[in-house]
Amino acid sequence: MHRRSFIKGASVAAFATLANSAQTPSRDLRIAYGGIGIECSTYSRLRTRMDEFTILRDAELASSERFKFLKRYPVGFMPTLVASAVPGGPVERKTYDTIKAEFLQRLKALMPLDGLYLPMHGAMFVDGMQDAEADWYQAARKLVGPDCLISASYDLHGNISQPIIDTIDMLSAFRTAPHIDREETMLRATDMLLHCLHEKIRPILMWAPVPVLMPGERSSTEWQPGKRLWEQLPALNREPGILDVSMLVGYVWADEPRSTAAVVITGTAPNTQRKLATALARQYWDARTEFQFGTETCTVEECVQRAMDAKTQPAILADSGDNPTGGGNGDQATVLESLLRHKAQNVVFAGITDRPATEACYKAGVGGRVSLSIGATLDPKASQPVKAEAVVKFLLAEANPARREAVVQIEGITLALSAYRRPYHDINDFTRLGLTPKSFKIIVVKSGYLSPELAPIANPSLMALSDGAINQDIVHLPANRYRRPSYPFVADLHFTPTVYGSARNRT
Ligand SMILES: [Zn+2]
């Protein structure tokens, strides 16, 4: 059966088929939504605690920018809570248990339910657990019962497992990296849920794990082989009997048995799904040696030298091992030390997380001189701080000391300091601090592949293969204790795709 879209005025190209159907689902359907999203590196010694989560509830959630797309449906989606945090270290168990308990309590108050939509990331690691998303789904399933349909949306860098497949009914994952299809993916997941509820279908969920693990920096969909692998999915989504085709890179910096690439197919035609999952898993496997960095890579020292020698500007140097949006700490001053030693000029560095240094700047005031120890405040064992004399150039007007940011000048380097872990990947992240990134010869950011706003201005783009909680040298990561054999950890692996179904479809 072809799938119909229930979005008012649907124009999302990735959707199947009979958009703008005259029929609308019953207004009596009861559908709730809520979830938790974070990406956790098990190589980080930091722990993600409650104060790092942003939790939206009830009306605040319903009116949020991220979920306003739900208003396009003729059915009311009932909010519970959505918790999200900047990627980082594993989630502290107590924090997870508290958020989960509140989610379940809110869900319980909305019972009975016909459908549940779970906006997730898929790479959460909780202390003492090796399949945290499965735990969340199983708890939700226990509450909503076997007949409620559960649909999840996922990041491309999420991990799948058999317990996950056995618990939910449908899944849709991002098809772009950098992720520019967040809303489209959430629309696919919710639209599919409405379609199945309206047509009274319990979809068939199948997956094929692929024993390949790549950092996101090698598997972007902007270049090959990622481009051709993911580009074909929208058309496949329109095949009869197919509701969603997802292909996931997985999250490489989590040493857990489920970490692997995967193909996940939701549909109503098991034979077609099986065939398609097998073919896509085979394609992904066959492309494994093709995955490469999409930009010039070098050591920190080489990158600093090349940026200084560049005849064009701005050179953008990405400190990849310490990128907070991939799970890095964001507090390392290794690149700063190298820039100072080489006496680099006309550099903007955004930024380093360092609350004590940020507070010292606020004490000194704009124009004040301060002796700072910069970096290594979150994990003193992972890197060395840099001592420097600085002049305070700018202080963000912010009453809460935990959310403050300062800009200092240290010799030829204009440096942003932040009291909390955050990226500087959009132009506005600079301009709000009074900085014009393009006016500098060198821009340093803590990033992997550059964001859609920074990539076009990079001239050249240099990715430093720096050490940190998300070191790109994955084969030499310490303590690979739980990971299943996969490429490139095992170079001479043999693989024949196997497609697994869901226990939900066997009952
Ligand atoms: Zn991602």
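Within segment 298-306, identify whether any single residue is part of a helix (DSSP H, G or I), closer than 24 Å to ASP155 by Cβ and not aromatic (Phe, Trp, Tyr), and answer yes or no.
Scanning segment 298-306, I find no residue that is part of a helix (DSSP H, G or I), closer than 24 Å to ASP155 by Cβ and not aromatic (Phe, Trp, Tyr), so the answer is no.
Please find, among GLN130, GLN138, the residue that is polar (S, T, N, Q), at pLDDT below 95 and either in contact with a helix residue (DSSP H, G or I) (Cβ under 9 Å, 6 or more places away or on another chain) or more than 16 Å from the ligand (Cβ to nearest atom) (or both).
GLN130
Looking only at segment 62-77, count how many residues are surrounded by fewer than 20 Cβ atoms within 10 Å (Cβ to Cβ) and more than 18 Å from GLU184 (Cβ to Cβ).
Going through segment 62-77 one residue at a time, the tally reaches 4.
Step by step: first the residues of segment 170-196, then only those that are under 14 Å from HIS157 (Cβ atoms) and among the polar types (S, T, N, Q), then the one that is surrounded by the most Cβ atoms within 10 Å (Cβ to Cβ). Which residue is that?
So the residue we want is THR185.
Can you tell which of ALA360, ALA364, ALA402, ALA318 is touching a residue at least 60 places away in the same chain (Cβ under 8 Å), of a type in the set (Gly, Ala, Ser) and farther than 28 Å from THR299 by Cβ?
Just one listed residue meets the conditions, ALA402.
Looking at segment 135-174, which of its residues are out of contact with any Asp or Glu (no Cβ under 8 Å at 6 or more places or on another chain), among the polar types (S, T, N, Q) and assigned to a strand (DSSP E or B)?
Matches in segment 135-174: SER153 only.
Among the numbered conditions (1) within 12 Å of the ligand (Cβ to nearest atom); (2) closer than 15 Å to GLU133 by Cβ; (3) of a type in the set (Asp, Glu), tell me where GLU217 comes up short.
Going through (1) within 12 Å of the ligand (Cβ to nearest atom); (2) closer than 15 Å to GLU133 by Cβ; (3) of a type in the set (Asp, Glu) one by one, GLU217 breaks only (2).
Pick from segment 87-109 the residues that are surrounded by fewer than 17 Cβ atoms within 10 Å (Cβ to Cβ) and hydrophobic (A, V, I, L, M, F, W, C): which of them is nearest to the chain's Cα centre (by Cα)?
Of everything passing the filter in segment 87-109, ALA101 is nearest to the chain's Cα centre (by Cα).
Pull out all pairs, ordered by first then second residue, where Cβ-Cβ is under 6 Å, the residues are six or more apart or on different chains, the first lies in segment 171-184 and is within 8 Å of the ligand (Cβ to nearest atom), and the second is not hydrophobic (A, V, I, L, M, F, W, C).
So the pair list comes out as PHE174/ASP155; PHE174/ASP181; PHE174/THR185; ALA177/GLY216; ALA177/SER220; ALA177/THR221.
Among the residues of segment 55-64, is any at pLDDT 95 or above, assigned to a strand (DSSP E or B) and within 30 Å of ARG238 (Cβ to Cβ)?
Among the residues of segment 55-64, not one is at pLDDT 95 or above, assigned to a strand (DSSP E or B) and within 30 Å of ARG238 (Cβ to Cβ), which makes the answer no.
Please give the number of the condition SER153 fails out of (1) away from the ligand (no atom under 16 Å from the Cβ); (2) buried (at least 24 other Cβ atoms within 10 Å of the Cβ).
All conditions pass for SER153, except number (1).
Please specify each residue of segment 31-56 satisfying the condition of being of a type in the set (Val, Ile, Thr) and surrounded by fewer than 19 Cβ atoms within 10 Å (Cβ to Cβ).
Matches in segment 31-56: THR54, ILE55.
Output the number of residues of segment 113-127 satisfying the condition of being away from the ligand (no atom under 16 Å from the Cβ) and closer than 22 Å to ALA173 by Cα.
Selection size over segment 113-127: 5.
Taking segment 80-134, which residues are within 20 Å of ARG421 (Cβ to Cβ) and in a loop (DSSP other than H, G, I, E, B)?
ALA85, VAL86, PRO87, GLY89, PRO90, GLU92, HIS121, MET124, PHE125, ASP127
The values are calculated or read from the model by the stated rules, or taken from the named source; none is laboratory data. This one's a predicted model, so the numbers in the text were calculated from it and none came from an experiment. All Cβ positions, glycine included, derive from the backbone under ideal geometry; neighbour counts span all protein chains shown.
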